[in-house]
Amino acid sequence: MKRTESFNHIGLEGEKRRQTFLGQRLNHFGLTLIVMGVCFPLYYLGLFGSVDGPLNPAHLGVLLAGKGIMKMHILAVFTSLLIVALIWNWVYNWVSLLTGSRLTCTKKTDNKGSVCGASVSRRKVVHKKTNRTIPQYVCEYGHKQSEAHFHPVRKGTVSYSLMGLSFAFCVVILLS
Ligand SMILES: [Zn+2]
């Protein structure tokens, strides 16, 4: 019996490490997505002056005034930026939910409504009565719950600024 328990323990530790690793990768992925989404198009459009693109300050006015096709390209870039700024956290939250990260223990610790709050790892167990496979969430204190609290990533200042900026650019381009 003791043997089984210690094996379970090792399994849980491994699972927890894997979850942490995935969580870090996801965080990194989210940040990379934002930074790339903002910088690459602007860089290649020459906004920083180092590339001879349509957003290069020296060309911007001339090109915008000149060609409708160029206008459509820039519009497409800013529309893409707008979409990335809008949906990145939904995608991130969806992947987090699928991989079982960003979940915490909901076990009540007292009568005042306080909960344990430790991060949990998800595993599948077979329900004894119905014989169905259901998820089970186990925290570091050994609480086993059938559900856990999910902490979604919300948009921050960067996302809202990027959305506002992209939207403004789209409007300006459409009206110009
Ligand atoms: Zn707990």
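Taken together, the values in this text are just the output of simple stated rules run on the coordinates, not laboratory data. Being a predicted model, the structure only gives us computed values, none of them experimental. Neighbour counts run over all protein chains shown; Cβ positions are idealised from the backbone, glycine included.
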- Per-residue Cβ contact counts at 10 Å, fewest first, order I87, I69, I173 as I69, I87, I173
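If packing is taken as the average number of other Cβ atoms within 10 Å across a peptide's residues, how do 121-132, 147-158 rank, most packed first?
Numbers: 121-132: 11.0, 147-158: 13.1.
By packing density, highest mean first, the sequence is 147-158, 121-132.
Give, in whole angstrom and from largest to smallest, the semi-axes √(5λ) of the equivalent ellipsoid of the stretch 103-150, with λ running over the eigenvalues of the Cα gyration tensor. Write out the running numbers ahead of the final one.
Numbers: eigenvalues 92, 27, 13 Å².
Largest first, the stretch 103-150 gives 21, 12, 8 Å.
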- Item | K112 paired with H28, simple spin-label distance in nm, labels 7 Å along Cα-to-beta-carbon | 4.0 nm
- Message: Using the Karplus curve 6.51 cos²θ - 1.76 cosθ + 1.60 with θ = phi - 60°, what ³J(HN,Hα) values do you get for each residue of the stretch 110-123, in whole Hz, with x for Gly and Pro?
- Response: 8, 7, 7, x, 5, 10, 4, x, 6, 5, 10, 10, 9, 9
